[in-house]
Structures are given as C-alpha cells and as structure tokens.
Amino acid sequence: MLGFMKLTDHLIGIGNRVSVRCRQSSRPGDTRVCAAAWLGGQVIGREAKPGATRYVVQLDDDRRVVAEGVDVRRFTLAFELYETLEKMAS
C-alpha cells in the first residue's frame, strides 16, 4: 500500500485539480476527532521530501491550504457530482 501511495503522489503536480481533506479544528496539532470536509482546488505548490509530500492548494473559495500527501486526491467526476448535489441541497 505504501508503494501505491508514493506512486500516486508523483502523479499530482502543480496545476492539477485536486480535492483536499480539510479538518475543522481551531488549534494546530489538535488530535481529537474532528469533522472533515473534502474541498476542491488547484495545486499551486509542491514540496517532495523522503516519506512525505506537502502541497499548497488554492481552494475554489480563494483560500490556500497546506496539506500532506495523504490528504490530497486527484479530482474526480464523482467528487464534482457530490459537490454539486451538496450545493443544490443547501
């Protein structure tokens, strides 16, 4: 599984459309179970280190977040449909 994660990390580059898991916590390093949401955006920066990759993502609502590789996924049509339906429901 780790080899697969590293392989997919290299497939995400600057300019790619991604979804990012954003935890809703008010304190950095908070390890309690927090609500999380997947938000869409575009990769504007990438830093690859041995064992981890960090991304800077410009979200669709113009916020910027820094996320670890496990919290970043390539944007899929299924995610776009889910996001659209969620917006229609609210």
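Let's test the formula: R0 of 25 Å, r as the Cβ-Cβ distance of Ala48 and Thr76. What FRET efficiency results, to the nearest 0.05? That pair, Ala48 with Thr76, gives E of 0.65.
The string of couplings for the range 70-85 from the Karplus curve (6.51, -1.76, 1.60, θ = phi - 60°) is 6, 9, 10, 10, 4, 5, 10, 4, 4, 5, 5, 5, 4, 5, 5, 5 Hz, one whole number per residue in order, with x for Gly and Pro.
Given the alpha-carbon gyration tensor of the range 32-90, what are the semi-axes of its equivalent ellipsoid in whole angstrom, ordered largest first, with each equal to the square root of 5 times an eigenvalue? Walk me through the intermediate numbers first.
Working: eigenvalues 109, 36, 26 Å².
The answer is 23, 13, 11 Å, longest axis first.
A short reminder: the numbers here are calculations on the coordinates, not readings from a lab. Please read all numbers here as calculations on a predicted model, not as lab measurements. Reconstructed Cβ throughout: ideal geometry from the backbone, glycine too, with neighbour counts over all protein chains shown.
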